[in-house]
Amino acid sequence: MSFAYITEKGAIISHKNNRFIVGRNHETLLEIPQETLEGLVLIDTVQVTSQAMVSLLECGIPVTWLSSKGYFFGRLESTSHVRVFKQQKQFLLQEKPFSFELSKKIISAKIHNQITLLRRYNRERNIPEVNLHIRNMMTMRDNLRRSETKEELMGYEGMAAKIYFSALGYFVSSDFAFEKRSKRPPLDPFNSLLSLAYTLIMYEIFTAIANEGLHPYVGFLHALKENHPALASDLLEEWRPVLADSLALSLVQHHEIKKEHFYTDEDSGGVFLTDEGRKIFFHEYEKKDAQHQSVY
């Protein structure tokens, strides 16, 4: 099973003979057997015919629309996976000790993965400041495991995140100077890479949650708020360093992404990938996870 990422401007997705066909100007760019497709992610101006939409709904294949800047537009998805009694139990668990203990496990796993990533990149360079940051993060992890309230837990998580991103900056090349996390909008190229990777992973998790009949907007760690898939955001946490942060570092360290692959939006001041930069990014993202088979 795979996700397909369609980035080609003006592309149209149709359906014929149990295959989804990506075309443009009467030319076939890609054919995807419907039995192998788990989800579609469409960027900006990609269109879907009504026949293909019906087939996607019948097959239970969700479609996620993102802007060229990585912002979420919306989703097309079947309701066949909804399990209302399972969701009722999910709501009831939200105020139980289960919720707090699960939150501890998620954040502890996230910090563990962050430490592992820093150690891996610092193995040869042995930067003293990074070693100090790692020790401080280990302290934050030990403290959060002993925390007794959600406020304490989130406080230690916030301090660990600040230390982590400060340490991560030591491994980012000078062309991509990075000091701290910025988002909505990302204010530098490295943050732009992180934001796009986080968005893609979160909506893959969203699909997995929906396929299990759970409610993606009812989480345990992040506070509930309108239009925010809290459970998907919760489950994203431990995957950030493993998939997204390591991908961003690899792209800039191996010079696959260059400064000219970004532009600055005059209205927001945000920094985003160009069309060419997005294609490079998606192909490398595909390699990061063996489940991703199609990028066009």
- Query: List the pairs whose first member sits in the range 159-176 and is closer than 16 Å to residue 143 by Cα and in contact (Cβ under 8 Å) with a residue 40 or more places away in the chain, whose second member is hydroxyl-bearing (Ser, Thr, Tyr) and not in a helix (DSSP H, G or I), and whose Cβ atoms are under 9 Å apart, counting only residues at least 6 apart or on separate chains?
  - Reply: none
- Item | Those residues of the range 9-25 which are over 15 Å from residue 54 (Cβ atoms), crowded, with 16+ Cβ neighbours inside 10 Å and touching a residue at least 40 places away in the same chain (Cβ under 8 Å), in sequence order | 11, 22
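Of the residues 196, 243, 187, only one is at pLDDT 90 or above and within 22 Å of residue 103 (Cα to Cα); which?
Unique residue meeting the criteria: 243.
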- Can residue 175 be described as of a type in the set (D, E, K, R), over 25 Å from residue 235 (Cα atoms) and surrounded by 14 or more Cβ atoms within 10 Å (Cβ to Cβ)? no
- Restricting attention to the range 99-120, report how many residues are open to solvent by 80 Å² or more (accessible area, probe 1.4 Å), touching a residue at least 24 places away in the same chain (Cβ under 8 Å) and closer than 22 Å to residue 215 by Cβ. 0
- Item | Qualifying positions in the range 42-74 - open to solvent by less than 60 Å² (accessible area, probe 1.4 Å) and either of a type in the set (Gly, Ala, Ser) or touching a Phe, Trp or Tyr at 6+ places or on another chain (Cβ under 7 Å) (or both) | 42, 52, 55, 60, 64, 65, 66, 67, 68, 70, 74
- Candidate set: the range 80-97, residues that are without any contact (Cβ under 8 Å) to a residue 40 or more places away in the chain and part of a helix (DSSP H, G or I); chosen: the one farthest from residue 55 (Cα to Cα): 97
- Note on the structure: If we keep only residues of the range 41-97 that are over 19 Å from residue 203 (Cβ atoms) and among the aromatic types (Phe, Trp, Tyr), then the residue nearest to the chain's Cα centre (by Cα) is 91
- Message: So for the range 235-255 (the condition being surrounded by fewer than 19 Cβ atoms within 10 Å (Cβ to Cβ) and more than 30 Å from residue 135 (Cβ to Cβ)), does at least one residue qualify?
- Response: yes
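The values are calculated or read from the model by the stated rules, or taken from the named source; none is laboratory data. Please read all numbers here as calculations on a predicted model, not as lab measurements. Neighbour counts run over all protein chains shown; Cβ positions are idealised from the backbone, glycine included. The accessibility values were calculated without ligands, DNA or RNA, using every heavy atom of the protein model including side chains. Shrake-Rupley method; radii C 1.70, N 1.55, O 1.52, S 1.80 Å.
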